[in-house]
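For reference, the structure is listed below as structure tokens.
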Amino acid sequence: SFIGEESVAAGEGSVLTDNPTWIIDPIDGTTNFVHRFPFVAVSIGFVVNKKMEFGIVYSCIEDKMYTARKGKGAFCNGQKLQVSGQEDITKSLLVTELGSNRDPETIKIILSNMERLLSIPIHG
């Protein structure tokens, strides 16, 4: 099976089944792309039985290829990636994305979530 982000965004229906399925977003970061903000990627995932098996993200502008496979770790241009050992949330950096849905109910939920996040004593 195949699920394409652009076709789903255009209103085509899509159901994730147990079948082996490719999930592809050819312009991940469309809004960034439109505004010439240099964080754009091609994202590809492969799912079997509704579980992610592997993923590939190619950051076009940076020329970085991120790969990950279930149980095998994640890599950037072949170099193994490690998660931070930081356990103190007050020294953490919070990054979020607001999305593009401007429906009033969605905005209310996003702002409520942001308010909860901003009450955490984070580093930045």
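The values are calculated or read from the model by the stated rules, or taken from the named source; none is laboratory data. Values in this document were obtained by computation on a predicted structure and should not be read as measured data. Heads up, the Cβs are rebuilt from the backbone with ideal geometry, glycines too, and the neighbour counts pull from every protein chain shown.
The figures follow:
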read-out	value
Count of the range 86-124 residues which are modelled with pLDDT under 85, closer than 23 Å to Gly29 by Cα and not small (Gly, Ala, Ser)	7
The range 1-12 residues that are at pLDDT below 85, paired with ones that are among the small types (Gly, Ala, Ser) and in a loop (DSSP other than H, G, I, E, B) (beta carbon under 9 Å, 6 or more apart)	Ser7/Ser14; Val8/Ser14
The range 115-124, subset of a type in the set (A, V, I, L, M) and in a helix (DSSP H, G or I), residue farthest from the chain's Cα centre (by Cα)	Leu118
Members of the range 59-98 that are within 20 Å of Pro38 (Cβ to Cβ) and of a type in the set (D, E, K, R)	Glu62, Asp63, Lys64, Glu97
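Let's see how each residue does on (1) among the basic types (Lys, Arg); (2) in the same structural domain as Ala41 (by the TED database); (3) without any contact (Cβ under 8 Å) to a residue 40 or more places away in the chain:
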position	(1), (2), (3)
Tyr66	no, yes, yes
Gly71	no, yes, yes
Cys76	no, yes, yes
Thr96	no, no, yes
Ser100	no, no, no
Glu105	no, no, yes
Ile109	no, no, yes
Met114	no, no, yes
